[in-house]
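J.: Below: one structure in structure tokens.
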Amino acid sequence: MHRTIRPLIVGLFCIVAGAFGCARVPPCTVSPVDIEETREDVKIVEKDLATARDQAKKLSARLAARKAEYNAKKDKPPALRKKLDKLKKGSGRIERKKKNKEKKKDSKESA
């Protein structure tokens, strides 16, 4: 019984769909002026995109140069590093930092 009902239902569905216009293409409501304006907008956006890419390349090059400069300054000779550590100890900055860290840990543990 299923073999005879299914083809009938499918056939009936196709007939109804064809009769009510499911297969019709809707009319185009876009005017040629709208199409040209959209093309012009696309050209402008593409130019802006190209400018943004050029700027991104320049900025990435500047960033790489700044990182290299920073790394060169960061890697000071060990003798200068030792002098800097002595100066920090003499001023008490290192000891104050340690005390502040201990206070923060204590306050977190008590909370």
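J.: Residues to consider are 104, 43, 89, 99; find the one that is out of contact with any Ser or Thr (no Cβ under 8 Å at 6 or more places or on another chain), of a type in the set (Lys, Arg) and at pLDDT 80 or above. Show your work before the answer.
T.: Working: 104 fails: at pLDDT 80 or above; 89 fails: at pLDDT 80 or above; 99 fails: at pLDDT 80 or above.
The unique qualifying residue is 43.
J.: Residues of the stretch 30-84 being part of a loop (DSSP other than H, G, I, E, B) and surrounded by 10 or more Cβ atoms within 10 Å (Cβ to Cβ), which ones?
T.: 76
The values are calculated or read from the model by the stated rules, or taken from the named source; none is laboratory data. Here the structure is a predicted model, which means the values were calculated and not measured. Here Cβ is always computed from backbone atoms with ideal geometry, including for glycine, and neighbour counts include all displayed protein chains.
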